[in-house]
Amino acid sequence: MSQALKILLLGDYSNCQRTLATGLRRLGCDVTLVSDGSGWQNCQRDIDISRRSGRLGGLELYVRLSTSVRRQLRGYDIVSVNDPNFVALRPALIRKVFDRLRRDNGAVFLNAMSYDVPFLDMLASKDCPLEYSEWFTSGSPARLYYAGQEEWKQWHSPQLAGYHSYFYEHIDGAVAVLYEYYLALERMLPAEKIAYGGIPIALESFNPVEIPEKIDKVRLFLGRDRSRMLVKGSDYLEEAARVVVERYPDMAELVIVENRPFDEFTRLLKGAHVVLDQIYSYTPATTALMAMAYGLNVVSGGEDAYYDFIGEHENRPIINAPIDIEALTATIEDVVMHPGLIAERGRRSREFVEKHNECTLVARRYLDFWISRINRSIGLC
């Protein structure tokens, strides 16, 4: 069945769906990727659905999706959208496009890789399974919650919340790229309608770099989106790293890169020894996994709960990032003070990605789940 599947991937974040397309094509699928290129990241896509700013830009995009582009969004066995808000339109218009996708194609799935209303509701709940996030820590609002009150209100507007509820009621299933998103899916959908896929990495694009066993000066690398500093904790990572570099100027240096196109960013990434990724995640996301594929060290999400979830009990190479600034500083300082551990940790990082995130392996997880849902719907299992 997989040889004949025609698949539409709609929307993208940080090249995730594009890399999934690579894996699916290797499995014999006919795949079309439609996206806006993740904005300034300018990720590659087969069909572009970028919108111009302003209300006229939204109207123009909706007309394209209803006319010329619509013809390219029909006739697929499977549609996978990257977000309930898979196009840059207001909720009422997204719902119309969503309903057309359901009428014009086979099964429609969510590839859960970003915030949505159910995920934020989980973070705010008294029984949230996560001890911390960028929004809440130990059940209390965190600094992003206070700084992003207007954003929080927009997420919980009746129009958006109502559409997200409708979306989840009408999809055929959902696959999560992160452990955290899987936890949110568990609260929204029955167990048979959800799966964990992981973030796909095309390993051939990330040939391991040569890290010497003896490093004279540790190169710390912080790549960030300036508009998402509080989301990732990039400001804390910079503050902690600067303290360490000031203490040991002969042992460490800090390189900061902001808002670079995806392909340029991946080239710059491989010049590092240690990549400072984010502090509020339980899991490594795209930047961390790309760095690990290069054989670099990462300071990111690496909680035991994540490793246990994916069944990894031996190779745990991620340097778990504390959310407290003093503890974070101490963590980065320890890395700089023990440069002899970096090369071996880098080798184990590459092995981790090979085992858990190689794009064909991840694509197979998606494909097996999608096919199982289709078969169930037609009574074959």
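The values are calculated or read from the model by the stated rules, or taken from the named source; none is laboratory data. Predicted model, so just to flag it, every value in this text is computed and none were measured. Ideal geometry is used to build each Cβ from the backbone, glycine not excepted, and the neighbour counts take in all protein chains shown. To get the accessible areas, we keep the full protein, side chains included, count just its heavy atoms, and leave off ligands, DNA and RNA. Shrake-Rupley method; radii C 1.70, N 1.55, O 1.52, S 1.80 Å.
Taking segment 224-343 as the region of interest, the strands (runs of 3 or more DSSP E) fully inside it that hold 1 or more residues being under 23 Å from the mean Cα position of the chain (by Cα) and modelled with pLDDT under 95 are 252-258. Checking the structure you have, find out if any residue of segment 128-143 is out of contact with any Cys (no Cβ under 7 Å at 6 or more places or on another chain), more than 25 Å from Gly173 (Cα to Cα) and in a helix (DSSP H, G or I). Yes, the conditions are met somewhere in segment 128-143. Within segment 75-102, being hydroxyl-bearing (Ser, Thr, Tyr) and assigned to a loop (DSSP other than H, G, I, E, B) holds for one residue alone: Tyr76. Scanning segment 22-41 for residues that are open to solvent by 30 Å² or more (accessible area, probe 1.4 Å) and in a helix (DSSP H, G or I) returns Thr22, Arg25, Arg26, Gly39, Trp40, Gln41. Residue count for segment 341-367 under the criterion of being open to solvent by 50 Å² or more (accessible area, probe 1.4 Å) and either of a type outside the set (Asp, Glu) or in contact (Cβ under 8 Å) with a residue 60 or more places away in the chain (or both): the result is 8.
With the structure loaded, tell me whether Asn105 is within 19 Å of the chain's Cα centre (by Cα), under 23 Å from Val69 (Cβ atoms) and either at pLDDT below 95 or among the polar types (S, T, N, Q) (or both) or whether it fails that test.
no
Every condition in (1) among the hydroxyl-bearing types (Ser, Thr, Tyr); (2) at pLDDT 95 or above; (3) closer than 25 Å to Lys6 by Cβ holds for Ser377 except the one numbered (2). Looking only at residues of segment 52-74 that are touching an Asp or Glu at 6+ places or on another chain (Cβ under 7 Å) and either open to solvent by less than 50 Å² (accessible area, probe 1.4 Å) or farther than 22 Å from Arg103 by Cβ (or both), we find that the one that is modelled with the lowest pLDDT is Arg52. If you take the residues of segment 224-253 that are touching a strand residue (DSSP E or B) at 6+ places or on another chain (Cβ under 8 Å) and open to solvent by 40 Å² or more (accessible area, probe 1.4 Å), which of them is nearest to Thr137 (Cα to Cα)? My answer is Lys232.
Checking each residue in segment 144-178 for being in a loop (DSSP other than H, G, I, E, B) and not hydrophobic (A, V, I, L, M, F, W, C) picks out Gly148, His156, Ser157, Asp172.
Contact map, segment 199-215: residues that are in contact (Cβ under 8 Å) with a residue 24 or more places away in the chain paired with residues that are acidic (Asp, Glu), Cβ distance under 7 Å, separation 6+ or inter-chain. Pairs shown: Ile201/Glu358; Leu203/Glu354; Leu203/Glu358. Applying the criterion of being in contact with a Ser or Thr (Cβ under 7 Å, 6 or more places away or on another chain) and in a loop (DSSP other than H, G, I, E, B) to the residues of segment 184-223, the residue that is surrounded by the most Cβ atoms within 10 Å (Cβ to Cβ) is Pro200.
As a summary of the residue check, Leu289 satisfies the conditions (1) touching a helix residue (DSSP H, G or I) at 6+ places or on another chain (Cβ under 6 Å); (2) open to solvent by less than 20 Å² (accessible area, probe 1.4 Å); (3) without any contact (Cβ under 8 Å) to a residue 60 or more places away in the chain except for the one numbered (3). Restricting to segment 103-117, and then to whatever is in contact with a helix residue (DSSP H, G or I) (Cβ under 8 Å, 6 or more places away or on another chain) and in a helix (DSSP H, G or I), can you tell me which residue is nearest to Leu160 (Cα to Cα)? For segment 103-117, the residue satisfying everything is Val117. Beta carbons closer than 8 Å, at least 6 apart along the sequence or on distinct chains, pair a first residue in segment 323-334 that is polar (S, T, N, Q) with a second that is open to solvent by less than 40 Å² (accessible area, probe 1.4 Å) and part of a loop (DSSP other than H, G, I, E, B) for Thr331/Ala321; Thr331/Pro322. Among residues that are touching a strand residue (DSSP E or B) at 6+ places or on another chain (Cβ under 6 Å) and open to solvent by 30 Å² or more (accessible area, probe 1.4 Å), Arg95 is not included.
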